[in-house]
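Single-structure report; data block below.
The values are calculated or read from the model by the stated rules, or taken from the named source; none is laboratory data. Remember, it's a predicted structure, so these values are computed and weren't measured experimentally. Because the Cβ atoms are built from the backbone with ideal geometry, glycine has one as well, and the counts that use them run over all protein chains shown. To get the accessible areas, we keep the full protein, side chains included, count just its heavy atoms, and leave off ligands, DNA and RNA. Shrake-Rupley method; radii C 1.70, N 1.55, O 1.52, S 1.80 Å.
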Amino acid sequence: TTTEETTGRGMLIVVEGLDRAGKTTQCQRLVENLSNDGHRVEFMRFPNRTTPIGQMIDGYLKANSEVPMEDHVIHLLFSANRWEASENIQRLIATGTTVVIDRYYYSGCVYSAAKDNPKLNLAWARQPDVGLPRPDVCVFLDLSSEAAAERGGFGQERYETTRMQQRVRELFQEMAKSPDADDFVIIDAGDAVEKVEKKIIDAVSGRRQLSNLRAPLRE
Ligand code: T5A
Ligand code: NA
C-alpha cells in the first residue's frame, strides 16, 4: 500500500528555480522515483502552453515575437493559466494522487516583479494567485549565474538575459524569506544531476513526515 492509501490525500510538490537550474530534468526524475515507490503521480508544468491562454503566453515569450503586452496583462495571463488547472490539481490531490509541478506562482511573482515597472512589485504580483492550492513543499533549485552560464548560452526567449536572471535570483531569495514561503526548501543545483536528485528525495521525504496528509491542502 502507498502512503496515500493509509493517510489520505496526495502531496503537492513544486519545483522552482532560475532558468537552466535543472527543473524539468529533476521533475522527471522525481516523478519516476515517487512512482517506483508506489505513489500515484501526475506531472504538470507552467506555463501550460497547450491551452488558448497558454498559446498567448507562448507567443509573448518568444524573444523575437512582435506580440506587445502590457506587463500586468501578461502577468494576469500567467496567473489565469494556473487557475485553469486549479480544480484538476485539487481533485487529483484529494483522490490520493501526488502532483509534481514544474514552476508555479513563485515564478509568476518574481519574473513579473523583476521587470523595471514601478507599478508591479512582488506584493502586487502575489495577489492574483492568492487562493491557489499551496504546495506541501516548494523545492527551489538555486544556481549561481556562473554555473548557469556553463550550461550553455541563453535561448531565444524573452527573459533569458543576464540582467533579468540576476534580478530574478534576488527576488526568489527575497520571497524565500517571507512568512508566506514556509514551504520553501532551497537546494544547491550546482552539483551533479544524481546528487541534486538525492537531495530532492530527502527534502520531499522530510516534508512528507511534516505534512498533514489527512487535512486538505492549504490555500
Ligand atoms: N514565467 C513562468 C513567468 O514569467 N511567469 C510565470 O508565471 C511562469 C510560470 C518559461 C519562462 O516563463 C517565465 C519563466 C521563464 O522565463 P519554462 O518553459 O519553464 O518557463 O522555461 P524552460 O526554458 O523550459 O526551462 P528552463 O530553461 O528554466 O530550464 P530547467 O527546466 O530549469 O532546466 P533543464 O532541466 O531543462 O536543464 C537545462 C540544461 O542543463 C542541463 C540539462 O541537461 C539541460 O541541458 N542540466 C545540468 N547540467 C549539469 N548539472 C546538472 N545538475 C544539470 N541539470 C540539468
Ligand atoms: Na524547464
What number comes out for accessible area per residue over segment 3-210 if the probe is 1.4 Å? Units Å², please.
47 Å²
At 0.890 mPa s and 25 °C, Stokes D of segment 3-210 from Kirkwood alpha-carbon radius, µm² per second:
139 µm²/s
For the chain, the percent of accessible surface on carbon and sulfur atoms (probe 1.4 angstrom, ligands and nucleic acids excluded) is 52 percent
What number, rounded to the nearest 500 deg cm²/dmol, is the helix-based mean residue ellipticity at 222 nm of the chain, given -39500 (n - 2.57) per DSSP H run of at least four residues and division by all its residues?
-15000 deg cm²/dmol
With a 1.4 Å probe and every protein chain left in place, tell me how much accessible area D191 has, in Å² to the nearest 10.
50 Å²
Solvent exposure, largest accessible area first (probe 1.4 Å, DNA, RNA and ligands not counted), of Y104, Y159
Y159, Y104
Choose one of N212, G59, G155: the residue whose Cα lies farthest towards the positive end of the charge dipole of the chain (beta-carbon charges +1 Lys, Arg; -1 Asp, Glu; about the Cα centre).
N212
Order by accessible surface, 1.4 Å probe, largest leading, for residues V15, V41 comes to V41, V15
Nearest-10 value in Å² for the accessible area of K195, using the 1.4 Å probe
120 Å²
Dipole in debye (nearest 20) - segment 3-210, about Cα centre, beta carbon charges: Lys, Arg +1; Asp, Glu -1:
160 debye
So which aspartates and glutamates can K119 reach, going by Cα to Cα under 12 Å and dropping same-chain residues fewer than 8 places off?
E70, D71
With a bin width of 10 angstrom, please list the P(r) values of segment 2-115 as percents of all Cα-Cα pairs, from the 0 bin to the one holding the largest distance.
13, 40, 31, 13, 3, 0
List the residues, sorted by chain then number, that are 5 or more residues from R45 or on another chain and whose placed amide H is less than 5 Å from its amide H.
D102
Over what distance in Å are the Cα centres of segment 19-49 and segment 154-218 separated?
13 Å
Determine how large the accessible area of L210 is when every protein chain is in place; take a 1.4 Å probe and give Å² rounded to the nearest 10.
140 Å²
With the convex hull built on the Cα atoms of segment 59-127, state its orientation-averaged projected area in nm².
5.5 nm²
